[in-house]
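Here the structure is laid out as structure tokens; the discussion comes afterwards.
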């Protein structure tokens, strides 16, 4: 639709003109009216106007003065002049100002329709030319930006193209946003770029595609979380069955720095698997694991001891020790990070590790057959995880399925396992709530049946087990603070009070009696 502004000092004529013509049928819409040239000029500057129909004689500013003023800044807007005087002098002035039509009042409907149809033909031609020029400019801009990146050095854009302002690339400061798409192989990047360009280009910056990544050269956008969130949400709103990872470069002052900024930003995006999950990555984003040099002592580079980790992980599962299980998975990740393993290699090693553990479980615990069949069938899903955090959480979920199956049995069997677990792991930070999750019980219910089984509350029973082991260690000559730590008390004074409560004397006196 082309926008029309009607200008006349007589209200009846203004309203009559709005209803005289079926504007929409001819591809127009009357977006406003004005009572004189001054008001018309204000409304012209506040809106995109394609056609102005104006009376010649009006107070404050005449139609001729309005045309002359607008023509100083716009040669494209179309004019039709109306006059109640058959005065050739006015017609001559109007023609000199490049007016598309001159009509006498009262206006004949057929005459006006004839003019607006001719004007629409010209507007359509102008629009087609502009569209072609816009597409051509987009292609040139796209090529220029890619060339700046390919040279990967500070090179003057004038050397590549010439006038930076003609491309719309002149700015006070810049930032590069790179976007990677997941989970939708049917979405073509170029189609996606064109969809986004209509909404984002101009206000934010300019799109281009490089190395199968969608890139946006942000121009004069204030670097803030609010701006980044708004951009992320805009891009994400165009997606249905996909997700994105967005990475932002540092802010740079010269567009000639685009090549180096692209290189460093792409490195972060390519390694996004290793970063903490966030809406968008930046140069200061945190890695989930930091390499530790001291961990490498005695370990050949890139070698992952899968059998050693499989043995430790199996023991943690057998003991129903969820913490130990997670510790081994995390230790394995840290070891691989230290040795600079790639995302692909890490995933392969975890599949090998879990396959060995589940294979051992199938031999030692044939009752887990159905569960092991399910978890083995899901191992391939490791390859679809896009971050190391989501990968580890998925591995925990597989192992928890095995633990849950190991917990299946009657209450007496379960309670015997729990008591046995306490005796083997009393030195750990054992909590009834944590054990309830491992043994698949409500914590309050587990506490009740535990007391019925042992005659003691959980915490009391744990303290008693610790005290019995503390007595053995003290009898062997170990110092009090060492014993406290060995049996699970980080605070020596707290251990002292507990020991005296249950044994009837201080641990130091008990030690003296036994030595």
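Read-outs throughout are calculated quantities, based only on the coordinates presented, and are distinct from any laboratory measurement. Bear in mind that the values here come from a model prediction, so they are computed numbers and not experimental data. Every residue, glycine among them, receives a Cβ derived from its backbone with ideal geometry; neighbour counts consider all protein chains shown.
A few comments on the model shown:
- By the Cα gyration tensor, the stretch 293-406 has an equivalent ellipsoid whose semi-axes, rounded to whole angstrom, run 24, 16, 12 from largest to smallest.
- Estimated distance in nm for a label pair at residue 126 and residue 443, the labels positioned 7 Å out from Cα along Cα-to-Cβ: 7.4
- At full extension, residue 423 and residue 377 could sit 13.0 nm farther apart than now, given 0.36 nm per residue minus the alpha carbon distance.
- Of the beta bridges in the chain, as assigned by DSSP with both residues counted there, near 50 percent are antiparallel.
- Computed lengthening from residue 113 to residue 267, 0.36 nm per intervening residue step minus Cα-Cα distance: 49.3 nm
- Placing pseudo-labels 7 Å out from each Cα toward the beta carbon at residue 453 and residue 18 gives an inter-label distance of 8.3 nm.
- Ranking of 113, 336 by count of other Cβ atoms within 10 Å, fewest first: 113, 336
- Nearest-0.05 FRET efficiency for residue 251 and residue 355, computed from C-beta distance (R0 35 Å): 0.15
- Computed label-point distance, nm, for sites residue 460 and residue 509 using a 7 Å Cα→Cβ extension: 2.3
- If R0 is 30 Å, the Cβ-Cβ spacing of residue 364 and residue 431 corresponds to a FRET efficiency of close to 0.60.
- A Förster radius of 45 Å combined with the Cβ-Cβ distance from residue 404 to residue 220 puts the calculated FRET efficiency at roughly 0.20.
- With the helix formula -39500 (n - 2.57) applied to DSSP H stretches of n ≥ 4, the chain reaches a computed 222 nm mean residue ellipticity of -17500 deg cm²/dmol.
- Take 44-53, 423-432, 362-371 and order them by the average number of nearby Cβ atoms within 10 Å per residue, most first; the result is 44-53, 423-432, 362-371.
- Calculated mean projected area of the Cα convex hull in nm² (choose from [x] 26.5; [y] 35.3; [z] 39.7), label: [z]
- Extension gain (nm, one decimal) between residue 199 and residue 234, 0.36 nm per residue minus Cα-Cα: 11.7 nm
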